[in-house]
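The values are calculated or read from the model by the stated rules, or taken from the named source; none is laboratory data. Treat the numbers as computed from the prediction; the structure is a model and nothing was measured. With ideal geometry, Cβ positions are generated from the backbone for all residues, glycine too; neighbour counts draw on all protein chains shown. What goes into the accessible areas is simple: the full protein's heavy atoms, side chains included, and nothing from ligands, DNA or RNA. Shrake-Rupley method; radii C 1.70, N 1.55, O 1.52, S 1.80 Å.
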Amino acid sequence: MNFPADFLWGTATSSYQVEGENTNSDWHAWEASDPDRIKGDLSCGQACDWWRNAERDLDIAAEMGNNAHRLSLEWSRIEPEPSIFNQEAIERYRSILQACHDRGLEPMVTLHHFSNPLWLAEKGDFNSDIVVDYFRRYTAKVVAELGDLIPKWITINEPMTYAVLRHMTSDFPNAGHKGLSALFGAIHNMLRCHAAAYHIIKSEYPSALVGTANNIQIFEARPGGNAIDRWWTTIIDRLYNDSWPDALHTGRFRGIVGSKHFKDLAGTCDFIGINYYTRFYLRFPPPDGFVDREWGPDAIVSDGNYGEVYPQGLFQIIDRAWKRYQLPIYITENGVPDAADRIRPGFLLDHLRHVWHAISFNYPVMGYYHWSLVDNFEWDRGWTQRFGLVEIDPVTQERNWRSSARLYQEICRSYSIDDDMAARYAPEMLDIMWPGAAPAQSQ
Ligand code: BGC
């Protein structure tokens with residue numbers, strides 16, 4: 001299964017999760033004020049030590065045959081105090097971005113990935129209207145200082161996930177704002193921030209591509225569910241998966257009741273970024289934790305009951321995104337927590353098969369960024385879930401290539417997946433992906 005010669009093969013990371021010692025971030029304060037908030041014994045700490053040495057892992061990405069990397073900037077480093085920019089931090093980002101280019105890794109840069117400057121959190125973060133002006137100024141500074149090195153931009157990572165985790169759960173810092181009105185207040189301000197950032201970037205760099213990374217999952221009513229479960233599923237699916245990208249498309253955000261128009265928002269999206277992980281079953285009323293965590297007997301379930309492996313969902317989402325928006329598509333995240341690398345090789349092959357299938361039917365899927373290059377700090381789940389192609393010991397900082405990393409290297413170098421790779425890395429996939437290729441059983 002061959003991929004186009006201009007396909008982008010990458011991995012994705014985010015600043016707070018890999019840089020370490022982001023002491024001006026609200027996530028740092030959240031961790032420090034109550035260590036029980038983070039699963040396991042380890043805090044973010046020095047993470048993967050990228051602030052000092054991102055180059056070590058960028059070398060690994062290059063050796064893995066990648067030609068792209070998605071990373072984020074930590075707003076709290078660039079603007080540690082309101083309107084005070086840290087030139088040294090900006091220079092460090094310049095050197096990291098240059099290091100990407102030097103290694104043939106085209107950077108895709110996220111301006112906001114889940115963490116805020118502490119001062120912004122103290123002013124109410126995205127619940128406060130002042131965020132829009134601050135985000136505009138932060139973006140203008142980044143564009144002026146680093147824009148020449150950034151061909152692809154994500155303004156905000158997973159806005160819906162951010163808003164839900166901050167305002168509907170106690171898993172993320174939330175500046176005390178909880179409930180539906182905080183949730184929609186934050187989303188409205190994120191839409192304003194996105195629109196402002198889009199226009200600033202495009203006015204300086206008209207050919208840069210700008211979008212958002214959307215967490216789009218498959219939602220289905222629980223097996224054997226009733227009409228109310230199905231009705232509920234439709235509502236959640238539309239709100240969580242469609243309402244944000246629809247708003248960027250039309251300029252109008254549809255919440256639970258009614259809709260709201262936002263100035264300068266329509267058409268502020270050059271591509272659809274899809275972060276796809278799993279399929280969720282829903283029921284009404286929702287259980288604790290919101291989604292059902294019971295799987296069918298044949299389901300392959302990843303570490304920590306994170307979710308089942310459901311590769312065909314990726315094709316379904318690509319199809320849906322194309323039909324709704326007719327824009328180029330990037331898979332901006334896709335991965336699985338699997339410390340033992342038991343299911344990741346098969347996961348990788350099967351998800352890429354669905355990307356290949358889409359490309360073969362002319363869906364414009366332009367690139368794939370696996371989450372993640374190296375194990376990193378998994379927010380409230382700390383270091384208990386390992387998404388890296390490369391394993392990291394956060395204490396010694398030792399790196400170890402998992403078997404999936406070698407497989408991804410073969411894929412990226414050859415622009416293809418084939419049954420020989422499956423036979424060597426994930427023989428269980430042979431029958432599923434190449435049913436005709438398995439040797440015939442003797443009678
Ligand atoms: C987030 C990442 C996170 C990953 C795995 C995504 O929703 O963007 O920051 O590490 O999921 O949980």
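Points worth noting:
- Relative contact order (percent, whole number), the stretch 150-218, Cα cutoff 8 Å, 6+ residue spacing: 51 percent
- Of Gly251, His167, Gly10, farthest towards positive along the dipole that unit charges on Lys, Arg, Asp, Glu beta carbons give the chain: Gly251
- Rounded to the nearest 20, the Cβ-based charge dipole of the chain about its Cα centre (Lys and Arg +1, Asp and Glu -1) stands at 1380 debye.
- In nm, spacing of pseudo-spin labels at Glu88 and Glu55 (7 Å Cα→C-beta vector): 1.8 nm
- Computed lengthening from Ser181 to Arg406, 0.36 nm per intervening residue step minus Cα-Cα distance: 76.3 nm
- Cα centroid separation - the stretch 83-121 against the stretch 215-261, whole Å: 33 Å
- Cβ-derived FRET efficiency at R0 41 Å, Ala5 paired with Leu239, nearest 0.05: 0.60
- Å² of accessible area per residue within the chain, as computed with a 1.4 Å probe and no ligands counted: 39 Å²
- Reported to the nearest whole Å, the Cα centre-to-centre distance from the stretch 315-376 to the stretch 35-52 is 28.
- Loop chymotrypsin sites (Phe, Trp or Tyr not before Pro), the stretch 323-371, which have at most 15 other Cβ atoms in a 10 Å radius of their Cβ (DSSP): Phe361
- If the chain linking Ala32 and Arg413 were pulled fully straight, counting 0.36 nm for each residue of separation and taking away their Cα-Cα distance, it would gain 132.9 nm.
- Of all accessible heavy-atom area on the chain, the percent that carbon and sulfur account for (1.4 Å): 51 percent
- Extension gain, Lys141 to Glu398: 0.36 nm times the residue separation minus the Cα-Cα distance gives 89.0 nm.
- Ranking Leu71, Ser403, Pro223 by Cα position along the charge dipole of the chain, where only Lys, Arg, Asp and Glu carry charges on their C-beta atoms, puts Pro223 farthest toward the positive end.
- In summary, the convex hull built on the alpha carbon positions of the stretch 136-202 has an orientation-averaged projected area of 5.0 nm².
- Trypsin sites (Lys or Arg not before Pro) within the stretch 152-231: DSSP coil, no more than 16 neighbouring Cβ in 10 Å: Lys178
- Residues listed by number, the stretch 162-186, amide nitrogen under 16 Å from Arg293 label point at 7 Å toward C-beta: 169-172
- Each stretch of four or more DSSP H residues adds -39500 (n - 2.57); spread over every residue of the chain, this sum gives -12000 deg cm²/dmol at 222 nm.
- Relative contact order (%) - criterion: Cα under 8 Å, at least six apart; region: the stretch 8-433: 17 percent
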